[in-house]
Amino acid sequence: MSSSGLCGICGRTGAGYTCDRCGSLVCERHYEASVGFCVECAREVGGGGQPSGDDQPDTGDTYQF
């Protein structure tokens with residue numbers, strides 16, 4: 001936890017967490033305490049919120065030549 005200010009994601013006051021990856025100041029709602037990252041970095045690094053390959057429909061080949 002760091003100083004309090006505006007959240008870099010939602011812009012609301014009361015941001016008290018600093019992302020260990022990008023350094024953004026974020027509020028509790030936009031901080032993933034389990035990894036120490038903001039939700040944007042956690043999504044990029046850990047794939048949070050993104051479907052895995054098993055969750056995608058089987059629609060055939062992606063590339064056709």
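Values in this text are rule-based calculations from the coordinates and carry no lab data. On a predicted model such as this, the values are computed, not experimentally measured, just so you know. Note: ideal-geometry Cβ built from the backbone for every residue, glycine included; neighbour counts use all protein chains shown.
Counting Lys and Arg as +1 and Asp and Glu as -1, what is the net charge of the other residues whose Cβ lies under 15 Å from the Cβ of VAL35? Local net charge: -3. Computed packing ranks the peptides 21-27, 39-45, 8-14 as 21-27, 39-45, 8-14, most packed first, by mean other Cβ atoms within 10 Å.
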